Amino acid sequence: MHPDLEKMIALQALDLEAHRLTEQMEELPKHVARLGQDHEAARKNLSTVLENLAREESLRRQQELDIKGHQQKAARLRKQMDVVTTTAQASALEHEIGFAEAEISRLEDSELESMERTEQMEAAKSAAEETVANLARSHAEARARSSETLERDRALLAEVNAKREALRPTIGENALSLYDRVARSRGTALAEGIDHKCSACQMMVRPQRWNDLRDRSNDEIMLTCESCGRLLYWDPARDAPQKKPAQNESIAASIVRAL
Ligand SMILES: [Zn+2]
């Protein structure tokens, strides 16, 4: 394998790790902010439920006052019945008593309905309180974890960047500029050849190229994928299943470790 290729495999591993760390550092505050918004929305929902409950209770207090009013009125009318002298007066009173009784029964029905609504609201209140408590906890945890993780990521990124900076000048100028160009346009500059294919774009590698790629005595030329332009490499460890994977340190890892 071309020595630059080995170093670029290591460089690509570092670049991908730097990219992953950078994305994670950008994503974390957004995740915490989303949890904060959810927590705020849950708190608003709970306060709406509490307002509705209070409104329902004051409605019921009013209904009870109204019922009492009608009961007192009906009692007063019944007393007047004792002193009426004409049939017309009696039937007028009876009519009014009937009206008051109908109102009482209507109000009692609607009070029952209100109590059913309150029961449902109490259940909604418990659920809303639980949601608020859960979100408050996960928001606080995420916030605490996020600052720890950000701190760790920052340190890891500095380490990775230092390794990148140490590795880049050891790579040939032409190879490095090819690497940068392909990485800019494709995201990655290198692809492993696996099973006669470019593992990045999945296009077949022609047999002669495949043989050249696997030729371990070849440390002169670098091969590119004819389809995507990435530099191809072949890892002999893949074709050596008799080795235990643990002993089978990748080329990239061994170079990074040596830095
Ligand atoms: Zn390809």
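Here is a yes/no grid of residues against (1) more than 12 Å from the ligand (Cβ to nearest atom); (2) within 27 Å of residue 27 (Cβ to Cβ):
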| position | (1), (2) |
| --- | --- |
| 156 | yes, yes |
| 166 | yes, no |
| 174 | yes, no |
| 185 | yes, yes |
| 189 | no, yes |
| 200 | no, yes |
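Go through segment 1-34 residue by residue and tally those that are farther than 12 Å from residue 150 by Cα and of a type in the set (S, T, N, Q).
1
Yes or no, residue by residue, for (1) assigned to a helix (DSSP H, G or I); (2) under 30 Å from residue 60 (Cβ atoms):
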| site | (1), (2) |
| --- | --- |
| 130 | yes, yes |
| 140 | yes, no |
| 148 | yes, no |
| 155 | yes, no |
| 169 | yes, no |
| 193 | no, no |
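Given the residues 242, 202, 247, which is the only one that is closer than 29 Å to residue 164 by Cβ, at pLDDT below 75 and either surrounded by fewer than 14 Cβ atoms within 10 Å (Cβ to Cβ) or among the β-branched types (Val, Ile, Thr) (or both)?
Numbers: 242 fails: closer than 29 Å to residue 164 by Cβ; 202 fails: at pLDDT below 75.
The conditions single out 247.
In segment 90-131, which residues are of a type in the set (Lys, Arg) and closer than 20 Å to residue 64 by Cα?
Once the filter is applied, which keeps residues that are of a type in the set (Lys, Arg) and closer than 20 Å to residue 64 by Cα, segment 90-131 yields 106, 117.
Tally up the residues in segment 192-227 that are among the polar types (S, T, N, Q) and within 15 Å of residue 182 (Cα to Cα), please.
2
Looking at segment 75-119 only, could you name the residues that are under 15 Å from residue 60 (Cα atoms) and open to solvent by 80 Å² or more (accessible area, probe 1.4 Å)?
Within segment 75-119, 106, 108, 109, 112, 113, 115, 116, 117, 119 qualify.
Yes or no, residue by residue, for (1) surrounded by 17 or more Cβ atoms within 10 Å (Cβ to Cβ); (2) within 14 Å of the ligand (Cβ to nearest atom); (3) of a type in the set (Lys, Arg); (4) part of a helix (DSSP H, G or I):
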| position | (1), (2), (3), (4) |
| --- | --- |
| 182 | yes, yes, no, yes |
| 208 | no, no, no, yes |
| 217 | no, no, no, no |
| 221 | no, no, no, no |
| 226 | no, yes, no, no |
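Is there a residue being closer than 30 Å to residue 158 by Cβ and of a type in the set (S, T, N, Q) anywhere in segment 61-79?
Within segment 61-79, none of the residues are closer than 30 Å to residue 158 by Cβ and of a type in the set (S, T, N, Q).
Out of 124, 144, report the one residue that is in contact (Cβ under 8 Å) with a residue 40 or more places away in the chain and either more than 29 Å from residue 11 (Cβ to Cβ) or within 29 Å of the chain's Cα centre (by Cα) (or both). Break it down stepwise before answering.
Values: 144 fails: in contact (Cβ under 8 Å) with a residue 40 or more places away in the chain.
Of 124, 144, the one residue that is in contact (Cβ under 8 Å) with a residue 40 or more places away in the chain and either more than 29 Å from residue 11 (Cβ to Cβ) or within 29 Å of the chain's Cα centre (by Cα) (or both) is 124.
Would you say residue 170 is open to solvent by 60 Å² or more (accessible area, probe 1.4 Å), among the hydroxyl-bearing types (Ser, Thr, Tyr), more than 16 Å from the ligand (Cβ to nearest atom) and within 30 Å of the chain's Cα centre (by Cα)?
Criteria not met by residue 170.
The values are calculated or read from the model by the stated rules, or taken from the named source; none is laboratory data. These numbers come from a predicted model, not from an experiment. Note that each Cβ is placed from the backbone with ideal geometry, even for glycine, and that neighbours are counted across all protein chains shown. In case anyone asks, the SASA skips ligands and DNA or RNA and just uses the protein heavy atoms, side chains included. Shrake-Rupley method; radii C 1.70, N 1.55, O 1.52, S 1.80 Å.
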